[in-house]
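The structure appears right after this line, and notes come after that.
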Amino acid sequence: MATKEKRLTGVQKSAILFITLGPEASANIIKKLPEREIQKITFEIANMSSVKPEAREQILGEFIQINKAKDYLVEGGIEYARTVLAKALGNSRASEILDKVTEATQQFRPFSIARKADAHQLINVISNEHPQTIALVLCYLQPDKSAQIMAELSEELQSEVAYRIATMSSTSPMVVKEIEKVLDGKLSSVIRTESTLIGGIQPLVEILNQVDRGTERNITDSLEREDAELAEKIRASMFVFEDILSLDDVSIQKILRQVDTNDLALALKGSSQEVQDSIFRNQSKRAAQSLKEDMEFLGPVRLVDVEKAQTEILSIIRRLDDAGEIIMSRGGEDAIII
């Protein structure tokens, strides 16, 4: 087969997978698919005269990785899946796999056409709607698109919408359907519906991670006045320990000067090799060797202790960020060291 794996369609990959699995295993899977998909896949199978061994191995490996990712998502959510996959495969591959896992489900979510629409068009459509309506719609959009819309809203409306996203736990299917009808008329498109739990801290965090620094500060400061406990939970979720990799060396060195050595050794016991290497690289050879010995001396440690140590270090990072000594990148901005 002359076509390279990276240029294959999803249907072609499915056909190769079924050929690789053999007739018995394939039959048990394919009978559960929609009739239209069965027709597409069987057509591809019928038109494949041969499949290269390397293509079979690559697609089978991708199938196994994607199914593991689905298990991780069910077990602990997207951030848990990202952390586990990143430790095993690296950040880039982990993001690629999660994108593939979520790609199929995203197109069947409510507001799927709105997800394809231009952000500026959506701003014109929803900016005059009730804050609760805007919050609902933003929960279903891609974080970067929601961030663009959030940044265009007035400061007062930003705070109101952000609060409603963070405190939203679920939405009635009838409400979603009604809002879909409104957008259906304004966007002149058909919107599929589904009932699902939406909102909460994580969707807001994903949005805030994409907006500019000024918008982020306005929202978090307003939430602080409205609900200090909620604001703290949001801040804690915005920068996790593995995100140290996104900081430049100068910032990491400033952080290390204020971190307790015992906390650092404990925190690194539960981190990826990439994070450990980043820390070691920003220390003197003697300090790095001493830290490695401390980590070995600790032996097995409890997860709760590791998380506590990481939280202490994250507090230092947030304090340095708030003081302007380091500035974490937001919304595509470059990190700036003052």
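The table that follows gives values for the structure above.
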{"item": "Selection count, the stretch 73-87, where residues are open to solvent by less than 60 Å² (accessible area, probe 1.4 Å) and at pLDDT below 70", "result": "4"}
{"item": "Selection status of LEU291, in a helix (DSSP H, G or I), without any contact (Cβ under 8 Å) to a residue 40 or more places away in the chain and either buried (at least 19 other Cβ atoms within 10 Å of the Cβ) or aliphatic (A, V, I, L, M) (or both)", "result": "yes"}
{"item": "Near pairs, Cβ below 7 angstrom, 6+ apart or cross-chain, from the stretch 51-67 (of a type in the set (S, T, N, Q)) to any residue that is open to solvent by less than 70 Å² (accessible area, probe 1.4 Å)", "result": "GLN58/GLU5; GLN65/ILE97"}
{"item": "Any chance SER271 is in a helix (DSSP H, G or I) and either surrounded by 12 or more Cβ atoms within 10 Å (Cβ to Cβ) or of a type outside the set (Ser, Thr, Tyr) (or both)", "result": "no"}
{"item": "Residue match in the stretch 227-249 (condition: in a helix (DSSP H, G or I) and at pLDDT 90 or above)", "result": "yes"}
{"item": "Exclusive hit being at pLDDT 75 or above and not aliphatic (A, V, I, L, M), set GLU178, GLU103", "result": "GLU178"}
{"item": "Single unsatisfied condition, ILE255 versus (1) surrounded by fewer than 17 Cβ atoms within 10 Å (Cβ to Cβ); (2) at pLDDT 90 or above", "result": "(1)"}
{"item": "Top-ranked residue in the stretch 112-122 [being buried (at least 16 other Cβ atoms within 10 Å of the Cβ) and farther than 25 Å from THR9 by Cα; ranked as modelled with the lowest pLDDT]", "result": "ALA119"}
{"item": "Search result, residues across the stretch 1-22 that are modelled with pLDDT under 70 and either buried (at least 17 other Cβ atoms within 10 Å of the Cβ) or part of a helix (DSSP H, G or I) (or both)", "result": "GLU5, LYS6, ARG7"}
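The values are calculated or read from the model by the stated rules, or taken from the named source; none is laboratory data. No experiment lies behind these values; they were computed from the predicted model shown. A quick note on method: Cβ atoms are made from the backbone with ideal geometry, for glycine too, and the neighbour counts reach across all protein chains shown. Please note that ligands, DNA and RNA were not included when accessible areas were found on the heavy atoms of the full protein model with its side chains. Shrake-Rupley method; radii C 1.70, N 1.55, O 1.52, S 1.80 Å.
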